Amino acid sequence: MPHDPYKTLGVEKTASQDEIKKAYRKLAKTLHPDLNPGDAGKQAQFQDVAAAYDILGDPEKRRRFDAGEIDASGQERAEPKFYHQYASQDAGRRYDPRGAQGYEDMSDIFSDLFGRGFRRGGAMRGADLRYNVDVEFLEAARGAKRVLTMPDGNRIELAIPAGLKDGQTLRLRGKGAPGQGGGEAGDALVTVGVRPHPVFTREGNDIEVELPITVDEAVLGARIDVPTISGLVTMTIPKGVSSGRRLRLKGKGIAARSGTGDQNVRLKIVLPEKVSPELEELARTWKEHAGFDPRKQMRRAT
């Protein structure tokens, strides 16, 4: 018999959805089969934890469980009182199931009473199971394949579509808990977290990059290599650019169904850690003759 999902996750019935999610992740990190190869006990515990989160991690399922509409495995609760009342209504004469308000047989009656999970012969669909997996930024941007270990020890391949967003959930048909009485298996719901990248950040389908350049590249202009999610490309830096100037690489962002984004490159002028005497002399000479004040307009405005 399935355990009380609240006790399985170690949370109170008043716990928030965020507290339930944190409790699940903490247990999953400890019990996951990848971390406990060959440990049947830990695998069984992990399956219990995943099944409990399938109920409590879904606000609607949690409401129905709390109301007694479904049990800890996610199945509809039977109502024997109603069934007995129905079956005895024609007591004293031979009962013909085909004449019972259009039901072809008793399995149709149970299906109507107990929900879609019921099938002929008492078959019940297995529960959906929830998992969490983290992927690298470029795996989510480009698309990739990952191998997951299920609670029963089976390893399955997860296809990560290009352009997947942080927190997106993928459904693997038939990879959840096994059905009962010949019923179909449930699904595996895999929520994917995307790890941050040291160079790229994502804004919608656009990629944002801060690109350091030298003083001479800013003054004279240059052609330099710029990293993108699909590899290095050469970009022209115009003469006389300042830090903060944004340049666009069209079509070098995320390729998604809604369209392909761009890569926005924000320039940042960077000086060497140790300024040479030659650079100091050049700066003094320029200062004496240029008469340039980048803060003049700011003072006028105030």
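Computed values, structure above
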item: Identity of the residue in the range 114-137, crowded, with 16+ Cβ neighbours inside 10 Å and in a helix (DSSP H, G or I), that ends up modelled with the highest pLDDT; result: Phe137
item: Hey, Ala141 aliphatic (A, V, I, L, M) and under 14 Å from the mean Cα position of the chain (by Cα) or not; result: yes
item: Qualifying residue in the range 175-190 (condition: under 18 Å from Ala52 (Cα atoms), part of a strand (DSSP E or B) and charged (D, E, K, R)); result: no
item: Filter result (open to solvent by 30 Å² or more (accessible area, probe 1.4 Å) and not in a strand (DSSP E or B)) within the range 191-205; result: Arg195, Pro196, His197, Pro198, Val199, Gly204, Asn205
item: Answer from Thr260, Thr214, Thr236 - the residue that is of a type in the set (S, T, N, Q), touching a residue at least 40 places away in the same chain (Cβ under 8 Å) and in contact with a Gly (Cβ under 8 Å, 6 or more places away or on another chain); result: Thr260
item: Glu278 surrounded by fewer than 16 Cβ atoms within 10 Å (Cβ to Cβ), in a helix (DSSP H, G or I) and out of contact with any helix residue (DSSP H, G or I) (no Cβ under 6 Å at 6 or more places or on another chain); result: yes
item: Sole exception among (1) over 17 Å from Ala141 (Cβ atoms); (2) part of a loop (DSSP other than H, G, I, E, B) for Gly253, by number; result: (1)
item: Restricting the range 172-211 to residues that are in contact (Cβ under 8 Å) with a residue 60 or more places away in the chain and over 26 Å from the mean Cα position of the chain (by Cα), the residue that is farthest from Ser242 (Cα to Cα); result: Gly181
item: Entirely in the range 13-78, the helices (runs of 4 or more DSSP H) that have 3 or more residues that are open to solvent by 80 Å² or more (accessible area, probe 1.4 Å); result: 17-31, 59-66
item: The range 18-61 - residue that is under 19 Å from Leu148 (Cβ atoms) and among the β-branched types (Val, Ile, Thr) and, of those, modelled with the lowest pLDDT; result: Thr30
item: Boolean, Arg223 is surrounded by 14 or more Cβ atoms within 10 Å (Cβ to Cβ), of a type in the set (Lys, Arg) and over 30 Å from Arg173 (Cβ atoms); result: no
item: Count of residues meeting criterion [open to solvent by 30 Å² or more (accessible area, probe 1.4 Å), under 15 Å from the mean Cα position of the chain (by Cα) and free of Cβ contacts under 8 Å to residues at least 24 places away in the same chain] in the range 146-171; result: 5
item: Residues of the range 1-17 classified as over 13 Å from Ala51 (Cβ atoms) and modelled with pLDDT under 90, total; result: 0
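The values are calculated or read from the model by the stated rules, or taken from the named source; none is laboratory data. Note that the structure is predicted; figures quoted are calculated from it, not measured. When we count neighbours, we look across all protein chains shown, and the Cβ atoms used for this are built from the backbone with ideal geometry, even at glycine. All accessible areas refer to the heavy atoms of the entire protein, side chains included, with ligands and DNA or RNA removed. Shrake-Rupley method; radii C 1.70, N 1.55, O 1.52, S 1.80 Å.
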